[in-house]
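Working notes, structure below.
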Amino acid sequence: MSKSYKEYMNEVNTFIFDVDGVLTDGTIQVTQEGALLRTMNIRDGYALKAAVDKGYNVCVISGGSSEGVRVRLRNLGVFDVHLGVSDKVAVFEEYLHVNNIKPEQVLYMGDDLPDYWVMQKAGLPTCPQDAAPEIKQISKYISHINGGKGAVRDVIEQVMKVQARWLEHFEAKFD
């Protein structure tokens, strides 16, 4: 009998996310000056901050190279931000090695083909509802929410609930 995705969530102490299509909806607005603008969901941000505050490892690995994304993530306490990455597997393996993390402790959320190989290395590969078919096929959990619309919040909240840490975080903020 295979494990349910919730059973895999018991092992998670590390969240790794792609940016475009996961933390954003995958669209880019281009200004007249050529700047590329992305939109991120505030609820995803809350969940990222909650995970950091509770001591989870949070990392971003993206092929994109927006410094605005780095600033936003730093403001949430996420400092392991790897942008402009062409070999996600190498960055993933180095991150796990440096931080003494086992692959089965990692939830990785990706949405498209550049995430395909690295997702196969993670204990719990996940994706947003609107991910590419190849990514959905290898995911152990497919969020019911699209990328950039709260899919990151969905997986973080679920992991923290399975581990009885979600309300613990909320209560601590208002004691």
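The values are calculated or read from the model by the stated rules, or taken from the named source; none is laboratory data. No experiment lies behind these values; they were computed from the predicted model shown. Virtual Cβ from ideal backbone geometry, glycine too; neighbours counted across all protein chains shown.
Out of curiosity, is Met9 of a type outside the set (Gly, Ala, Ser) and closer than 21 Å to His82 by Cβ? No, not satisfied. Any residue that is closer than 18 Å to Met160 by Cβ, crowded, with 18+ Cβ neighbours inside 10 Å and touching a Ser or Thr at 6+ places or on another chain (Cβ under 8 Å) - is there at least one of those in segment 19-35? Looking for residues that are closer than 18 Å to Met160 by Cβ, crowded, with 18+ Cβ neighbours inside 10 Å and touching a Ser or Thr at 6+ places or on another chain (Cβ under 8 Å), one finds none in segment 19-35, hence no. Evaluated against (1) under 14 Å from Gly150 (Cβ atoms); (2) crowded, with 17+ Cβ neighbours inside 10 Å; (3) polar (S, T, N, Q), Thr14 falls short on exactly one condition, (1). Here segment 137-171 is the region considered, the condition is being modelled with pLDDT under 95 and in contact with an Asp or Glu (Cβ under 7 Å, 6 or more places away or on another chain), and the residue that is nearest to Asn10 (Cα to Cα) is Trp166.
Residues are listed down the side, and each one gets a yes or a no for (1) of a type in the set (Val, Ile, Thr); (2) outside any helix (DSSP H, G or I):
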| site | (1), (2) |
| --- | --- |
| Val118 | yes, no |
| Lys121 | no, yes |
| Thr126 | yes, yes |
| Ala131 | no, yes |
| Glu134 | no, no |
| Gln137 | no, no |
| Gly148 | no, yes |
| Arg153 | no, no |
| Gln158 | no, no |
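For (1) exposed (fewer than 12 other Cβ atoms within 10 Å of the Cβ); (2) touching a helix residue (DSSP H, G or I) at 6+ places or on another chain (Cβ under 7 Å), each residue gets a yes or a no:
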site: Tyr8; (1), (2): no, no
site: Arg70; (1), (2): no, no
site: Asn75; (1), (2): yes, no
site: Gly84; (1), (2): yes, no
site: Lys88; (1), (2): no, yes
site: Asp111; (1), (2): no, yes
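Among the residues examined, Lys136 qualifies as among the charged types (D, E, K, R) and either farther than 11 Å from Gly21 by Cα or touching a strand residue (DSSP E or B) at 6+ places or on another chain (Cβ under 9 Å) (or both).
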